[in-house]
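Working notes for the structure below.
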Amino acid sequence: MALRHPKTDEIRLEDVFTALSNPMRLKVVRTLAESGPTPCGSLLDGVPKSTLTHHWRVLREGGLIRQEAVGREYTLTLRRDDLEQRFPGLLQAVLRAARVSAPR
């Protein structure tokens, strides 16, 4: 099954904001920014697979992540360079704000 990843110039600001508006998806973006590529199943414990699939789709189609098959599982990677090219400074501002407002 081929997964849809928008090209850099197809990433829309409203899709980025929609994806980031959910706390679980924002947590995924923060985690990927800190840890780099990560297997899908190790990011959100205790969340049903159908819910994870939905979150991965929103993040992927919003242009925030790349989801690729590696062996028998999928790995998520933050599209940092693509986002920086499309919306310079946006990802850094979002990550900085998320760190400030994160629960302690």
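The values are calculated or read from the model by the stated rules, or taken from the named source; none is laboratory data. These numbers were taken from a predicted model, which means no experiment stands behind them. Every residue, glycine among them, receives a Cβ derived from its backbone with ideal geometry; neighbour counts consider all protein chains shown. With ligands, DNA and RNA removed, areas are computed over all heavy atoms of the protein, side chains included. Shrake-Rupley method; radii C 1.70, N 1.55, O 1.52, S 1.80 Å.
Pairs are defined by a Cβ separation below 9 Å, a sequence spacing of at least 6 or placement on different chains, a first member in the stretch 35-49 that is closer than 25 Å to Arg80 by Cα and without any contact (Cβ under 8 Å) to a residue 60 or more places away in the chain, and a second member that is of a type in the set (Lys, Arg) and not in a helix (DSSP H, G or I); the pairs so defined are Pro37/Arg66. Applying a threshold of 7 Å to beta carbon distances and a minimum spacing of six or more residues, or different chains, the list of pairs starting in the stretch 3-22 at a residue that is touching a residue at least 40 places away in the same chain (Cβ under 8 Å) and ending at one that is open to solvent by less than 90 Å² (accessible area, probe 1.4 Å) and polar (S, T, N, Q) reads Leu3/Gln67.
If only residues of the stretch 64-90 that are of a type in the set (Val, Ile, Thr) and farther than 17 Å from Arg12 by Cα are counted, the one that is modelled with the lowest pLDDT is Val70.
Within the option set Ala93, Ala102, Ala97, being of a type in the set (Gly, Ala, Ser), open to solvent by less than 70 Å² (accessible area, probe 1.4 Å) and at pLDDT below 90 holds for one residue only, Ala102. Of the numbered criteria (1) within 21 Å of Ala98 (Cα to Cα); (2) open to solvent by 40 Å² or more (accessible area, probe 1.4 Å); (3) of a type in the set (D, E, K, R), the one Arg79 fails is (2). When the stretch 9-63 is filtered for residues that are open to solvent by 60 Å² or more (accessible area, probe 1.4 Å), among the β-branched types (Val, Ile, Thr) and modelled with pLDDT under 95, only Thr53 remains.
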